[in-house]
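Notes follow the structure.
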Amino acid sequence: MRTLRTFLKYSPEQHFMLQKILANFNITALNAMQLAALDAAKKPNDLVLLSPTGSGKTLGFLLPVVHLLNADMDGVQALIIVPSRELAIQIEQVFKQMGTGFKVNCCYGGHDTKTERNNLSQAPAVLIGTPGRLAYHIRRGNFHTENIHTLVLDEFDKALEFGFQEDMSFIIDRLRRIEKRILTSATDMREIPSFTGISNPTELNFLDKSSPVETTLQLKYIRADDADKLLVLYKLICQLQSKTALVFCNHREAVERIGLLLEEKGLAHGIFHGGMEQLDRERALIKFRNGSHRLLITTDLASRGLDIPEIEAVIHYQLPATLDVYTHRNGRTARMNATGTSYLLLAANDHLPSFLPEKPALEVLPEEVTRPGKSHWMTLYISAGKKDKVNKMDIVGMLLKKGNLAKEELGLIEVLDYASYAAVRSDKMNALLALIKNEKIKNKKVKIEVS
């Protein structure tokens, strides 16, 4: 096997940084797509990277970006435009985990503009943002564009689908000194709009090279001819028991309607769609990631670009409109050699979509089902975060020492700007709250409660 150094012929300093980054992610080698992206980025051409969701695209384009940054240059050097808030946050977290020493910030709708202005006053080397919010800051002169030499358009097909062309065109028109343009997409781009400025790119197409999904993903459909489709969904969820599942809908109203039914049935779940407040969306994802909720009801907003765990089942409550949508939804399960199941729910007037590459197997649900048990995890809310100089180790120390938790009774911890969340074993939560209700973090009295 070729080593990273012999494949890429980087300098010893660059090779050392790459090895450090790999160690920070606890991986020993990059995948073929990431190696190809690094090699292609050394050429003067722009780069178009086509690779499926869950294939490691974020690291694939961030590694070349890092090697293009200049530690002696002030201001924003690399601009990464993304279609969603969650993707901006995810890329920021990945970049920070790389441990490069370069400053990174992200900005997006729903985030406090004052906080973003303060962050931009000491400009980061890498700025990540959604089109509308980036355009807002450029119009107000909150950051300068003259030193930006690298532009990344991540999940570009999704950004076009969301209607961000006007804002993206405005932003790119203000970038006068771009030397490298990188465009990523999870679908094949037949034509790249001229406003991107991309010409004669090197194209890396890995869309046809990821087929573990074909061998590990089971496809099934369920008929709801003589029953309320919502009740059939409830029976399917009960049949899945403790498996993690995403329920996809085409509209926010359907997400809300299903959420109300499950609430009436006493089933713990989260909902996620573009009409929710940003904090509510973040909280829903946190609870899903840490296991407090095993079920997330969502629009196609969650089909791509989100940092969520491996899913065991995908349920198409409303039929996907196209093969691309169907593929991206299913891409949330059966990844990285894991197995998963995709279910299509068909009402009386529904037919299997003609674009399906193969016919799913018919699944017949039993007449009697048992409601799933509660999760073994609950989420603890703490009213302090990064802006209060609080980090994960502060929270771990308090919960283990003051709360008498054992390590295995503490799960995933996530620290946001002004709040933190920790997964705690459900049977330990009441005793923990009694022990730490008056505790301080960094000498600050904080609110601590079940989220």
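The values are calculated or read from the model by the stated rules, or taken from the named source; none is laboratory data. Bear in mind the structure is a predicted one, so any value in this text is a computation, not a measurement. For neighbour counting, all protein chains shown are included, and Cβ atoms are generated from backbone atoms with ideal geometry for every residue, glycine included.
Quick notes on this structure:
- Filter result for ILE21 (among the hydrophobic types (A, V, I, L, M, F, W, C) and not in a helix (DSSP H, G or I)): no
- Note on segment 137-149: residues that are closer than 14 Å to ASP173 by Cα and touching a strand residue (DSSP E or B) at 6+ places or on another chain (Cβ under 9 Å) amount to 3.
- Looking only at residues of segment 393-451 that are touching an Asp or Glu at 6+ places or on another chain (Cβ under 7 Å) and part of a helix (DSSP H, G or I), we find that the one that is nearest to GLU116 (Cα to Cα) is MET398.
- Among the residues here, ILE128 qualifies as surrounded by 21 or more Cβ atoms within 10 Å (Cβ to Cβ) and under 18 Å from ARG304 (Cβ atoms).
- Annotation note: of SER194, SER121, SER199, the sole residue that is in the same structural domain as LEU63 (by TED's automatic domain parsing), within 18 Å of LEU79 (Cα to Cα) and of a type in the set (Gly, Ala, Ser) is SER121.
- Screening THR327 on (1) outside any helix (DSSP H, G or I); (2) under 18 Å from the mean Cα position of the chain (by Cα); (3) polar (S, T, N, Q) shows it passes everything except condition (1).
The rows are residues; the columns are (1) crowded, with 19+ Cβ neighbours inside 10 Å; (2) closer than 22 Å to PRO360 by Cβ; (3) modelled with pLDDT under 90.
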{"position": "ARG223", "(1), (2), (3)": "no, yes, no"}
{"position": "ASP226", "(1), (2), (3)": "no, yes, yes"}
{"position": "VAL247", "(1), (2), (3)": "yes, yes, no"}
{"position": "GLY274", "(1), (2), (3)": "no, no, yes"}
{"position": "ILE286", "(1), (2), (3)": "yes, no, no"}
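- Scanning segment 341-388 for residues that are under 17 Å from LEU319 (Cβ atoms), among the hydroxyl-bearing types (Ser, Thr, Tyr) and surrounded by fewer than 19 Cβ atoms within 10 Å (Cβ to Cβ) yields a total of 1.
- Selection of segment 349-401 for residues being within 20 Å of LYS229 (Cβ to Cβ) and touching a Cys at 6+ places or on another chain (Cβ under 7 Å) yields VAL369, ARG371, PRO372.
For every residue, the table says whether it meets (1) under 24 Å from PHE156 (Cβ atoms); (2) out of contact with any His (no Cβ under 9 Å at 6 or more places or on another chain).
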site: ILE286; (1), (2): no, yes
site: LEU296; (1), (2): no, no
site: ARG304; (1), (2): yes, no
site: HIS316; (1), (2): no, yes
site: THR322; (1), (2): yes, yes
site: TYR326; (1), (2): yes, no
site: SER342; (1), (2): no, no
site: PRO372; (1), (2): no, yes
site: HIS376; (1), (2): no, yes
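- Filter result (buried (at least 22 other Cβ atoms within 10 Å of the Cβ) and of a type in the set (S, T, N, Q)) within segment 78-99: SER84
- Residue count for segment 365-392 under the criterion of being in contact (Cβ under 8 Å) with a residue 60 or more places away in the chain and either closer than 21 Å to SER292 by Cα or assigned to a loop (DSSP other than H, G, I, E, B) (or both): the result is 18.
This table checks each residue for (1) of a type outside the set (S, T, N, Q); (2) over 15 Å from ALA245 (Cβ atoms); (3) outside the structural domain of ARG281 (by TED's automatic domain parsing).
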{"position": "ARG329", "(1), (2), (3)": "yes, no, no"}
{"position": "SER383", "(1), (2), (3)": "no, yes, yes"}
{"position": "ASP394", "(1), (2), (3)": "yes, yes, yes"}
{"position": "GLU408", "(1), (2), (3)": "yes, yes, yes"}
{"position": "ILE413", "(1), (2), (3)": "yes, yes, yes"}
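- Consider segment 157-190 and keep the residues that are outside any helix (DSSP H, G or I) and free of Cβ contacts under 8 Å to residues at least 24 places away in the same chain. The one that is surrounded by the fewest Cβ atoms within 10 Å (Cβ to Cβ) is ARG190.
- For segment 109-134, the tally of residues that are farther than 14 Å from ILE171 by Cβ and touching a strand residue (DSSP E or B) at 6+ places or on another chain (Cβ under 6 Å) stands at 4.
- For segment 235-270, filtering for residues that are touching a Lys or Arg at 6+ places or on another chain (Cβ under 8 Å) and in contact (Cβ under 8 Å) with a residue 40 or more places away in the chain leaves 11.
- When we screen THR145, THR184 for residues that are in the same structural domain as PRO44 (by TED's automatic domain parsing) and closer than 30 Å to LYS114 by Cα, the only hit is THR145.
- Counting the residues of segment 273-286 that are under 17 Å from VAL255 (Cα atoms), out of contact with any helix residue (DSSP H, G or I) (no Cβ under 8 Å at 6 or more places or on another chain) and of a type outside the set (Asp, Glu) gives 2.
- The selection criterion, being touching a helix residue (DSSP H, G or I) at 6+ places or on another chain (Cβ under 9 Å) and either farther than 29 Å from GLY331 by Cβ or surrounded by fewer than 22 Cβ atoms within 10 Å (Cβ to Cβ) (or both), holds for MET17.
- Residues that are out of contact with any Lys or Arg (no Cβ under 8 Å at 6 or more places or on another chain), assigned to a loop (DSSP other than H, G, I, E, B) and touching a residue at least 60 places away in the same chain (Cβ under 8 Å), drawn from segment 45-68: ASN45, PRO52, SER55
- Some residue of segment 395-403 being loosely packed, with under 15 Cβ neighbours inside 10 Å and at pLDDT 90 or above: yes
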